[in-house]
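As structure tokens, the structure follows; a few thoughts come after it.
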Amino acid sequence: MEINTKMNAADVAKTQMQVDSFNKSLAVNGRTSSQQLGKDDFLKLLITQLSHQDPLSPMENTEFIAQMAQFSSLEQITNMSSGFNRLASMLTNSEAVSIVGKTVDVATENGLIKGTAEAASRGENPHVVVNGTPYEMKQIERIYAH
């Protein structure tokens with residue numbers, strides 16, 4: 001089976017208009033275009049491909065099944081990535097809470113500061129309060145046992 005990969009000028013212009021329109025709709029909805037395709041983008045491409053296929057020469061079943069398998073894999077990988085991000089956030093929060101009351105060295109612009117971790121904030125980017133100043137967890141260089 002031979003696949004025609006060339007588009008005529010009218011199809012190129014129509015496709016470019018659709019892409020431009022889609023990119024503008026992303027900007028209007030607060031999203032920005034990205035160089036990475038997500039599962040929604042993959043599904044839109046698949047639907048567009050199906051809706052514009054030649055009715056006299058439709059997509060082979062094996063091609064369609066392969067693309068659906070790719071979509072399913074992409075969705076599972078996306079879900080796993082999201083789960084790993086949540087797990088990493090929980091671990092960082094847990095680490096921040098566990099050092100409260102311990103002596104720590106904090107890396108600052110002016111060098112290392114030694115002090116006791118007085119409090120910890122939780123969230124996506126937890127902070128630890130040392131000597132009355134909040135620092136990001138990535139700034140903690142050493143934790144001393146008492």
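Only the coordinates and a few stated rules stand behind these numbers; no lab work does. What you see is a predicted model, and the numbers here were worked out from it, not measured in a lab. Using ideal geometry, Cβ is built from the backbone for each residue, glycine included, and neighbour counts are taken over all protein chains shown.
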With THR103 itself left out, Lys, Arg at +1 and Asp, Glu at -1 over residues whose Cβ is under 15 Å from its Cβ give 0
Within the range 117-138, the residues whose backbone N lies under 17 Å from a label point placed 7 Å from the Cα of ARG86 along the Cα-to-Cβ direction are 123-125
Packing-ranked peptide list from 113-124, 40-51, highest mean Cβ count within 10 angstrom first, is 113-124, 40-51
The answer for the net charge of residues other than LEU87 whose Cβ lies under 14 angstrom from its Cβ, with Lys and Arg +1 and Asp and Glu -1, is -1
Here the net charge surrounding MET137, from other residues whose Cβ is less than 15 Å away from its Cβ (Lys, Arg +1; Asp, Glu -1), is -2
Plugging the Cβ-Cβ distance of MET137 and PHE71 into 1/(1 + (r/R0)^6) at R0 = 30 Å yields, to the nearest 0.05, a FRET efficiency of 0.25
The simple spin-label model distance between SER98 and PHE42, using points 7 Å out along Cα→Cβ, in nm, is 3.5
